[in-house]
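To keep things clear, I will list the structure first and then write my remarks on it.
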Amino acid sequence: MKDARAVTVRGDQRLAAVGLAVCALLITAPCAAQLHPPVIKLLSQNTHGFAAEGRSEAPAVNLNGLVTAYSSNALDLVSPPLRNAISQMYARELESTTSELLSQGMNGGAGNQPSQSGGFAPGISADGRFVTFSSSASNLVSE
């Protein structure tokens, strides 16, 4: 294919030639992405890097794919481990080694009732700074 910059035409034809070159690049870009296999990374892992001992579900990923929020009933996602196996909300940055407990009570402990149960994904802002989720816990906010 000719480089659009090498085409010498006048007026609107030049824009058409540049537009076609851009379209050709966009069409071939997905093919180039297939040359590299996708990277799969376990995010629901404990502080030692092993798979968490519990169920993790309903993930939500921010716009650039660097922050994930999810619910889990695993006890060992945070240190010290939780005491009851009810669903809690967590967030994890892709490059981080640990997940952060979001459904944290006023006293610093986990929520006293399930959060984001039922398999519904939480909401997450484009930049990953804010996560919305539902919870039955009565100790997350002061009344």
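No lab work stands behind these numbers, since they all come straight from the coordinates. All values reported here derive from a predicted model rather than from experimental measurement. Cβ placement follows ideal geometry from the backbone for every residue including glycine, while neighbour counts extend to all protein chains displayed.
May I have the convex hull volume per residue, in Å³, for the Cα set of segment 86-128?
Per-residue hull volume (Cα only) is 98 Å³.
From the Cα gyration tensor of segment 49-143, with a ≥ b ≥ c the square roots of its eigenvalues, which class applies: rounded if a/c is under 1.5, or else prolate if a/b is larger than b/c, or else oblate?
Judged from the Cα gyration tensor, segment 49-143 comes out oblate (a/c at least 1.5, b/c at or above a/b).
If amide hydrogens are placed 1.01 Å from N in the peptide plane, which non-local residues have theirs closer than 5 Å to the one on residue 110?
Here 105 satisfy the definition.
I'd like the distance between the alpha-carbon centres of segment 33-71 and segment 73-115, rounded to an integer number of Å.
Going from one Cα centre to the other spans 15 Å.
Please identify every one of the trypsin sites (Lys or Arg not before Pro) in segment 60-143 that sits in a loop by DSSP and has no more than 12 other beta carbons within 10 Å of its own beta carbon.
Listed in order of number, the matching sites are 83, 129.
Amide H to amide H under 5 Å from residue 67: which residues, 5+ apart in sequence or cross-chain, H placed 1.01 Å off N in plane?
62, 94
Convert each backbone phi in segment 64-77 into a coupling constant with the Karplus relation 6.51 cos²θ - 1.76 cosθ + 1.60 (shift: θ = phi - 60°), then list the ³J(HN,Hα) values in order as whole Hz, x for Gly and Pro.
3J(HN,Hα) across segment 64-77, in whole Hz: 8, x, 9, 10, 10, 10, 7, 9, 7, 9, 5, 8, 9, 6.
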